[in-house]
Ligand SMILES: Cc1cc2nc3c(=O)[nH]c(=O)nc-3n(C[C@H](O)[C@H](O)[C@H](O)COP(=O)(O)O)c2cc1C
């Protein structure tokens, strides 16, 4: 048997991908100002990047108002947001594409200006983000992080319900599946990590307890979609948003093993070398490779992202370390990235200054390669 290539087909859950160049979830902060609903500008952006048989993972979308931490991130908790997303899923399907939605709750990576009644953001424990990070207010100002409020045990079922509702709404909006955001220091990762989660109830302490919320959320979402249309994203060895587990292997081995029993559509990693790519063009040195560490524990489809060139992606797929590669920054600046990688064409460089917020510039105005 010949080894797979970036352009050989791949089955993901019930879907047949025609290539393995996946669009990574990318927060762009360009939803409609008044109700955080996706609108025509976002539709154009996603339609530009849709390809026949190509998988798009749409940007992290809060499942509830308390899960918001940035202005103009599209939500998946209101009628207007569902309607806006429905237009986008139609447009992607019209081009033969497959589109999952990333379900998000930011937890402590929020600010009281987003919270109902100006309350403090919620988190596993009252442990604030420290270090060189600043919170964003609802009107886009950078301010120091507040100390979040620890969720009561009795409130945790409400978090699970919010993800379940988000999953239902995503179905109504016509998505093909959902990816649970368990990465980058947001709420579900906050529960996983011992420095941030200092709880003494069934959701804190042991690795089993810290993994409980992620697994309960996964099971709730699987209850809506069926396992083969549900995915989870993790960032072991990540440092985004003041995370970092002293010894990640036992924790993430447990999480990956538990998830592997569930028959999910895929597992998605952020390679540790690119942790924090949303904020800076970091390339962390002397860090392990998530795909190499965890592939042996994961029998299903494995997608990974982080600093891949076309050549490195080909190598990862051909060697079987990953089944598909998600591209973030290059997909921002190359709407026709799969075609360019296939032709080995030069890539347009991205402009970090236009990653977040704004309108067409740096969003829908990156050029397509002239047809040969
Ligand atoms: C502007 C920007 C926004 C991002 N937003 C998200 C997001 O919403 N959800 C997520 O899981 N990762 C997010 N990431 C991380 C990317 O999905 C990806 O893992 C990272 O950029 C590394 O891949 P790359 O080297 O191909 O860019 C973001 C990264 C960037 C640059």
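Derivation of every value follows stated rules applied to the coordinates shown; laboratory data play no part. Keep in mind that what you see is a predicted model, and the values were worked out from it rather than measured.
Using the empirical formula 2.2 N^0.38 Å as the baseline, the Cα radius of gyration of the stretch 267-372 reaches a ratio of 1.15.
Which whole-number percent is the relative contact order of the stretch 10-354 (Cα, under 8 Å, 6+ apart)? Present the calculation step by step, with values, prior to reporting the outcome.
Details: 760 pairs, mean separation 52.4, N = 345.
Here the relative contact order equals 15 percent.
P(r) tail, the stretch 1-142: Cα-Cα pairs separated by more than 19 Å, 56% of all pairs. Only helices enter the 222 nm calculation for the chain: every DSSP H run of n ≥ 4 contributes -39,500 (n - 2.57), and dividing by all residues gives -8500 deg cm²/dmol, rounded to 500.
Provide, as a two-decimal number, the C-alpha radius of gyration of the stretch 82-156 over 2.2 N^0.38 Å, N being how many residues it has.
Values: Rg = 17.0 Å, N = 75, 2.2 N^0.38 = 11.3 Å.
That ratio works out to 1.50.
Of all beta bridges that DSSP places with both ends in the chain, some 15 percent have antiparallel geometry. Considering all different alpha carbon pairs of the stretch 214-290, the Kirkwood hydrodynamic radius works out to 13.6 Å.
Based only on Cα atoms, what Rg/Rh ratio does the chain have, Rh being taken as Kirkwood's radius? Walk me through the intermediate numbers first.
Details: Rg = 19.1 Å, Rh = 20.4 Å.
Taking Rg over the Kirkwood Rh, I get 0.93.
Take every DSSP beta bridge whose two residues both sit in the stretch 1-133; close to 30 percent of them are antiparallel. Relative to one another, the C-alpha centroids of the stretch 232-293 and the stretch 134-168 are positioned 22 Å apart. So what's the gap between the Cα centers of the stretch 335-372 and the stretch 2-30, to the nearest angstrom? Result: 18 Å between the Cα centres.
More than 26 Å apart: what percent of Cα pairs in the stretch 107-245 qualify? That fraction is 25 percent.
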